[in-house]
Amino acid sequence: MSIDTGGSAFPNPPMGGFGPEAGMSLRDYFAGQALLGLLARPGLDGIGDVVRMAYEAADYAILERQEVSE
């Protein structure tokens, strides 16, 4: 399964060998934001499950972002 990363979270113009995909992906950025919220919730156990939930939220955000753009 190919996962859409959403492109670069903080795109920079190509220079010095860095392309448009250099740095953090939008998927990782969304997951990091979701992770902060999830970790603030009391009662969630298992860091692996919490991280999985963060990436599921990120994937959903990317899908919704694509649908809104169409």
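Determine the pairs where a residue that is at pLDDT below 60, located within segment 16-32, has a partner that is not in a loop (DSSP other than H, G, I, E, B) with Cβ atoms under 9 Å apart, the partner being 6 or more residues away or on another chain.
Gly19/Ser8; Pro20/Ser8; Glu21/Ser8
Looking at segment 54-69, I want the residues that are closer than 23 Å to Leu44 by Cβ and aliphatic (A, V, I, L, M) and have a partner that is at pLDDT below 95 and outside any helix (DSSP H, G or I) with Cβ atoms under 7 Å, at least 6 apart or on another chain. Which pairs are those?
Every condition considered, the pairs that remain are Ile62/Asp4; Ile62/Gly6.
Do we have any residue at all in segment 51-67 that's modelled with pLDDT under 90, on the phi > 0 side of the Ramachandran plot and not aliphatic (A, V, I, L, M)?
no
The values are calculated or read from the model by the stated rules, or taken from the named source; none is laboratory data. Everything quoted here is computed from the prediction, not taken from an experiment. A quick note on method: Cβ atoms are made from the backbone with ideal geometry, for glycine too, and the neighbour counts reach across all protein chains shown.
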